[in-house]
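The values are calculated or read from the model by the stated rules, or taken from the named source; none is laboratory data. These numbers were taken from a predicted model, which means no experiment stands behind them. Please note: Cβ atoms are built from the backbone with ideal geometry, for glycine as well, and neighbour counts cover all protein chains shown. Accessible surface is based on the protein model in full, side chains and every heavy atom, while ligands, DNA and RNA are left aside. Shrake-Rupley method; radii C 1.70, N 1.55, O 1.52, S 1.80 Å.
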Amino acid sequence: MDDMIAIILSKYNYWTVITLMMIGLYAMIVKNNLIKKIIGMNIFQTSIILFYVSMGMKKDATIPILEHHPGMQEHVYHAADYINPLPHVLMLTAIVVSVATLGVALSLALKVYDQYGTLEEDEINAKIRKASVKS
Amino acid sequence: MIWQVEFIILFLVIICGIAALWVKDLLSAAILFGAYSFMMCILWAVMGAVDVAFTEASVGAGVSTIFFVAAVFRTSRRTKD
């Protein structure tokens, strides 16, 4: 039983990932303001990036840059001494994609504001319903 | 990787994320989201992902915050939730 509690506590990175993911999902579903929804979407994305970077982490490993010793002609590298850089490279792409989606989402929110004069979702829905009843 | 530092930063990340969604002023929410992104960047630097860390510092904490502030200035600042 103690072993299990120790294993659960040692995965604190993944518990943070789950917490942030649920915070983002809550904001996307429950929040009424469009800007708040977009902030929730961004928190969700960063939680996924944190998950991938946590997967690449190793104990007692250094950053993935090769060390060169002067005077040594041959190098012997141990992969266990370096953090796995593959998830980092994948997540580098994900950060750029997240900024692109943020820009598109904010420009759509600006268009919605120009059309309806508000960013609150219930007011927008009420205006759409009123317009459809009139026509 | 120092687990105490990582623990404190993970706690601050969750606090900043909740605060960014909790405040009723959208400009404060944008600035708190910038603080959240920067805490995330420090966390990745601690975890050894330096390339991800400086991309997040420039793109996540810099450009995203400017986008949010610009969008809030062009729309309304108040919100009900």
Problem set entry | Ordering of A:46-54, A:18-26 by packing [mean C-beta count within 10 Å, highest first] | A:46-54, A:18-26
Problem set entry | Label point distance in nm, A:ASN84-A:GLN115, each placed 7 Å from Cα along Cα→Cβ | 4.4
Exercise. So what is the accessible area of the protein assembly as shown per residue, in Å², with the probe set to 1.4 Å?
Worked result: 57
Problem set entry | Volume in Å³ per residue [convex hull over Cα atoms, computed for chain B] | 58
Exercise. Which lysines, on any chain, are close to A:LYS59 with Cα under 19 Å apart, when same-chain ones fewer than 8 places away are left out?
Worked result: A:LYS11
Problem set entry | Table column - 3J(HN,Hα) (Hz), the range A:78-93, Karplus curve with 6.51, -1.76, 1.60, x for Gly and Pro | 9, 5, 6, 7, 10, 5, 5, x, 5, x, 4, 5, 4, 6, 4, 5
Seminar exercise, completed: Between B:VAL50 and B:GLN4, the two model label points (7 Å from Cα along the beta-carbon direction) sit apart by a distance in nm of 2.5
For this session: Quantify how strongly other chains surround peptide B:63-73 by giving the mean number of their Cβ atoms within 10 Å of each of its Cβ atoms.
Result: 4
Problem set entry | Shielding score for B:40-48, defined as the mean number of other chain Cβ atoms within 10 Å | 5
Exercise. How much solvent-accessible surface does A:HIS78 expose, in Å² to the nearest 10, with a 1.4 Å probe and all protein chains in place?
Worked result: 110
Problem set entry | Local net charge near B:CYS41, Cβ-Cβ under 12 Å (Lys/Arg +1, Asp/Glu -1) | -2
Problem set entry | C-alpha long axis of helix B:26-46 to longest principal axis of chain B, angle in ° | 10
Problem set entry | Net charge contributed by nearby residues that have their C-beta within less than 15 Å of A:GLY24 (K/R +1, D/E -1) | +3
Exercise. If you put +1 on each Lys and Arg Cβ and -1 on each Asp and Glu Cβ, how big is the dipole of the protein assembly as shown around its Cα centre, in Debye rounded to 20?
Worked result: 1380
For this session: Give the calculated FRET efficiency between A:ASP122 and A:ILE18 to the nearest 0.05, with a Förster radius of 41 Å applied to their Cβ-Cβ distance.
Result: 0.90
Problem set entry | Karplus (6.51, -1.76, 1.60) ³J(HN,Hα), θ = phi - 60°, over the range A:20-27, in Hz, Gly and Pro reported as x | 5, 4, 6, 4, x, 5, 4, 5
Problem set entry | Protein heavy-atom accessible area occluded, A/B pair - total, 1.4 Å probe, Å² | 3800
For this session: Treating each Cα of the protein assembly as shown as an identical point scatterer and ignoring solvent, apply the Debye formula and state log10 I(q)/I(0) at q = 0.18 Å⁻¹.
Result: -1.23
Exercise. How far is it, in nm, from the label point at B:VAL63 to the one at B:LEU27 when both lie 7 Å from their Cα along the line to the Cβ?
Worked result: 2.5
Seminar exercise, completed: Of every hundred units of 1.4 Å-probe accessible area on the range B:24-75, the number belonging to carbon and sulfur atoms, as a percent, is 79
